[in-house]
Amino acid sequence: MRLSYIAPRKKSAFTQELQLLLTFFTITLLMIFLTYSFLLFKNYTFVQDRNEKLVEKENIMNSIDAMKVQIAFIEKQKALSEKVYTKNTVLKDSISNLFDLVPMRITLSRAELLHNGLILYGVTPNRDVYNFMLQAPLRSIFHRTYSSFYPTENGWLRFVSTNYIDNEELVDEE
Amino acid sequence: MLDNFFESLYSKVLVNIVVKRASTTIYIETCSKSTVLNSAEESFDSILLNEEMVSFVKSFTKETPFFYISILDMSDDQGAIPTCDKNRLEHYYDIHSSEYKCYDKKWTYHTSKTDLYAIEKVYKKIGVDYIFSPFSMLANFFKDKIETTMAMYILIQDSFISLSVFDEGRLLYGEHLDMQTTGESDDEMLSQDISDDLDIQSSINLEDIDVIDDMEALDDFGDIEDLDSLEEIDEFSENKDIEEEFYEAEEPVIESNENSFNEDYQRYSLIHTALGHYYDDEKYESQFIESVYIADGVGVSTDLKRYLEEEMFLSVYVRQLNIPMEVAQLTKMELGL
């Protein structure tokens with residue numbers, strides 16, 4: 001029921017002081033919210049970065065493991081090559097020594113290297129030259145030495161010298 | 001929505017201003033919903049707003065943005081009209097320069113627009129939210145009687161009398177009387193009436209009366225038995241508002257002194273004159289008034305009641321009214337508290 005001649009003034013709880021207070025609080029809350037949002041974003045990016053780094057680290061670790069395997073394999077290959085090289089060197093020296101053992105009067109026509117032995121084919125002027133000049137050093141190297149002769153047309157002797165090293169010793173060497 | 005929420009958090013301060021003859025009473029209520037938390041009343045020796053009043057009002061209104069300043073209209077140029085029909089308002093009063101409101105779609109109260117602007121201008125420093133008419137206050141105060149009883153209802157203020165006649169909620173007559181402006185002229189009129197009554201030239205000379213002729217004329221009173229019986233007259237005289245008398249008996253009786261005697265006589269004169277207007281003016285639907293209900297806002301003495309009862313043969317009932325509190329009541333009604 002309207003009894004008054006005039007209408008009341010509009011009343012509002014938003015007085016100037018309250019407006020100022022609300023503005024202050026709004027700005028403060030906005031700043032806090034923005035800071036919080038910024039920190040959330042940064043935290044998110046940090047987590048993302050961390051996850052990426054972890055994956056990267058894992059990949060690197062995996063690649064390191066693979067590389068270690070490769071290195072181990074290469075080292076083994078290297079060791080093997082060195083061993084082969086050493087063996088070859090030894091073999092080369094042995095062959096060189098072998099040829100050094102052969103005296104000028106004996107002519108080798110063929111040499112067969114076996115795993116645990118050596119078969120030499122050649123021509124010798126006579127059996128004594130062979131026995132004294134070739135068989136003696138061969139006997140000092142190999143454990144077992146077998147020689148066989150057969151004459152040629154010009155009076156010389158063809159020989160076949162078969163020399164073996166026993167297996168036990170070979171295993172020891174290996 | 002948000003405003004309503006904030007409004008429920010704040011208490012409301014109702015500032016009620018009543019301007020008297022030489023002072024201003026400010027009654028302040030602090031309410032939370034319908035509960036009165038605090039109230040204060042102060043009188044100031046000025047009829048215009050001064051710094052003292054402003055600081056008194058602001059000491060309460062600074063607590064909440066929901067404060068309402070209400071003033072009882074003290075305009076001379078106000079009244080009540082027994083219709084709400086805009087076409088018929090002109091028949092009773094020239095309302096072009098008036099602000100008017102329809103009460104309950106039954107009757108209209110009005111006041112001068114200039115006076116409303118003047119009030120708003122005077123109270124510009126604190127602002128005004130509501131300006132109430134004494135007639136709406138009267139109608140609200142006697143709400144229980146107006147709807148059921150045919151009577152004259154009078155609001156007595158310090159320097160104004162608001163007089164209205166209601167017949168079961170229907171306004172028959174309303175007039176606002178200013179004791180300061182009309183008092184002297186009425187006094188003159190009354191003294192003139194007295195001198196007229198004492199005019200020897202026009203008085204009746206008993207010697208000139210022809211007794212025989214008059215006795216013949218008295219024969220017409222043979223039908224006197226058709227009139228109301230004596231018992232019915234007794235019943236008529238006993239047609240009293242017992243409830244109101246009981247209510248009245250509980251209130252303290254104010255003894256008259258010389259000053260109050262003069263004022264009460266002046267009030268009586270104004271009421272007497274206004275009642276004469278009501279009966280004489282053909283614009284108004286005249287009905288015989290038996291009872292008068294007075295809302296006493298100033299503390300009238302028993303003289304006024306006695307005058308009205310003895311001189312005008314009215315049944316008079318007086319209810320004490322705290323005008324500032326009643327203004328607060330109207331403000332609460334406006335706010336729906």
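Some observations on this one:
- Summing charges over all other residues whose Cβ lies under 9 Å from the Cβ of A:Tyr121, with Lys and Arg as +1 and Asp and Glu as -1, gives +1.
- Cα-projected label distance for A:Arg110 with A:Gln19, points at 7 Å along beta-carbon direction, nm: 12.1 nm
- Chain A: angle of helix A:16-101 to the longest principal axis, Cα-based, in degrees nearest 10: 0 degrees
- Linear extension gain, B:His272 paired with B:Phe5, 0.36 nm per residue minus alpha-carbon span: 90.8 nm
- Neighbours of B:Leu116 by Cβ distance under 11 Å: Lys/Arg scored +1, Asp/Glu scored -1, total -3.
- Counted by Cβ distance under 14 Å from A:Phe149, the other residues give a net charge of +1, where Lys and Arg count +1 and Asp and Glu count -1.
- FRET efficiency for the A:Arg127 to A:Ser96 pair, using the beta carbon distance and R₀ = 30 Å, is estimated at 0.70.
- Extension gain for the segment B:Phe288 to B:Val54, taken as residue separation times 0.36 nm less the Cα-Cα distance, is 79.5 nm to one decimal.
- Subset of A:Lys10/B:Lys332; B:Lys12/B:Lys143; A:Lys10/B:Lys86; A:Lys11/B:Lys33; B:Lys58/B:Lys121 violating a 21 Å alpha-carbon distance limit: B:Lys12/B:Lys143; A:Lys10/B:Lys86
- Helix-only mean residue ellipticity at 222 nm for chain A, each DSSP H run of n ≥ 4 adding -39500 (n - 2.57), per residue, nearest 500: -21000 deg cm²/dmol
- If you sort the three axes of the alpha carbon gyration tensor as a ≥ b ≥ c, you get a/c of 1.5 or more for the stretch B:31-84 and a/b no higher than b/c, which makes it oblate.
- A dipole drawn for the stretch A:72-174 from +1 and -1 charges on Cβ atoms has a positive end, and of A:Leu113, A:Phe142, A:Asn126 the residue lying farthest that way is A:Asn126.
- Those residues of the stretch B:7-32 whose amide nitrogen sits under 14 Å from the label point placed on B:Leu335, 7 Å along Cα→Cβ: B:7-17, B:27-32
- Placing dummy labels 7 Å off each Cα toward the beta-carbon, the span from B:Arg306 to A:Thr152 is 18.8 nm.
Here, each number is a calculation from the coordinates, and none is a lab measurement. Quick caveat, the model's predicted, so the values are computed rather than measured. Ideal geometry is used to build each Cβ from the backbone, glycine not excepted, and the neighbour counts take in all protein chains shown.
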